Amino acid sequence: MIDPGLAWLDAFCEPGFRVTFAHRLAPRELLTRMGADPATFRRRDAAAAEQAQARLAWGLSVARAGLHEGWAYAVESAGVHGSGRETLRRVSCGTRALVLSRAADGGWAFAFAEGGEVVATRESVSAGRDAGALGDWPWRVGLLDDEPVAGQWAGAGARLLALAEGALGARLPREQVEWGWLVSAEVGAVSPPAPPVGIGPGVSAPGRGRPQGVAAGPGLGGPRPEGAVS
């Protein structure tokens with residue numbers, strides 16, 4: 001049984017979404033591994049992110065990130081293109097990471113990676129391969145029981161969030177995502193730095209470090225609503 005309280009994501013991100021979880025990373029580090037443009041780091045609420053998204057070229061998106069119960073999360077509510085497989089590998093170096101996505105046409109996906117290697121995807125698990133730490137949760141939450149009818153994507157967000165929570169204990173905090181001023185950046189087209197040597201197999205030295213001296217955007221360094229996490 002899926003908790004009805006998880007149904008909010010589909011309504012909040014009606015055009016589609018991509019949610020990235022990473023265990024024990026700081027939100028800014030997660031965005032950096034996702035290829036964030038250092039010049040675009042600032043705090044945004046959902047409305048400010050939507051306005052910034054409207055000005056971006058195809059293939060770019062604004063990701064807002066926070067931290068909840070030991071998991072960093074990043075939410076992209078538009079501009080979700082491609083599988084993000086290479087990004088997932090980078091994000092998971094030295095840790096574990098999960099990506100959940102739904103497109104405007106109803107297509108949805110999940111992918112889990114650990115130590116810089118993609119372990120399980122919707123396609124691989126459907127084909128009978130080992131789901132790794134996801135265990136039998138893709139079936140328990142009803143993601144793989146039946147193919148969704150075209151256009152009937154309602155409920156996919158709730159099932160994907162139930163997968164993250166059930167298998168990994170990763171939860172997306174609704175109040176933070178809907179109302180918080182979270183650290184954010186443009187991601188998607190900037191070539192990201194590789195994580196430092198030693199935190200993942202076969203990973204080269206970084207081309208640039210974590211952004212330094214980032215100019216304050218709206219709300220950065222000022223009062224934050226309760227629950228907002230950097």
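The values are calculated or read from the model by the stated rules, or taken from the named source; none is laboratory data. Nothing here was measured: the structure is a model prediction, and the numbers come from that model. When we count neighbours, we look across all protein chains shown, and the Cβ atoms used for this are built from the backbone with ideal geometry, even at glycine.
Things worth noting here:
- Residue tally, condition surrounded by fewer than 18 Cβ atoms within 10 Å (Cβ to Cβ) and part of a loop (DSSP other than H, G, I, E, B), over the range 34-63: 6
- Residues in the range 162-206 that are modelled with pLDDT of 50 or more and out of contact with any strand residue (DSSP E or B) (no Cβ under 7 Å at 6 or more places or on another chain): 162, 165, 166, 167, 169, 174, 175, 178, 179, 189, 195.
- So residue 66, is it more than 28 Å from residue 136 (Cβ to Cβ) and either surrounded by 18 or more Cβ atoms within 10 Å (Cβ to Cβ) or of a type outside the set (Ser, Thr, Tyr) (or both): yes
- Residue in the range 3-16 that is at pLDDT 95 or above, out of contact with any Gly (no Cβ under 6 Å at 6 or more places or on another chain) and either assigned to a strand (DSSP E or B) or buried (at least 21 other Cβ atoms within 10 Å of the Cβ) (or both) present: no
- Of the residues contained in the range 82-91, one or more are found to be among the β-branched types (Val, Ile, Thr), more than 24 Å from residue 14 (Cβ to Cβ) and surrounded by 21 or more Cβ atoms within 10 Å (Cβ to Cβ).
- Residues that are surrounded by fewer than 18 Cβ atoms within 10 Å (Cβ to Cβ) and touching a strand residue (DSSP E or B) at 6+ places or on another chain (Cβ under 9 Å), drawn from the range 92-108: 103, 107
- Count of residues meeting criterion [surrounded by 23 or more Cβ atoms within 10 Å (Cβ to Cβ) and in a strand (DSSP E or B)] in the range 18-33: 5
- The set of residues from the range 158-184 being in a helix (DSSP H, G or I) and under 13 Å from the mean Cα position of the chain (by Cα) comprises 160, 161, 164, 177.
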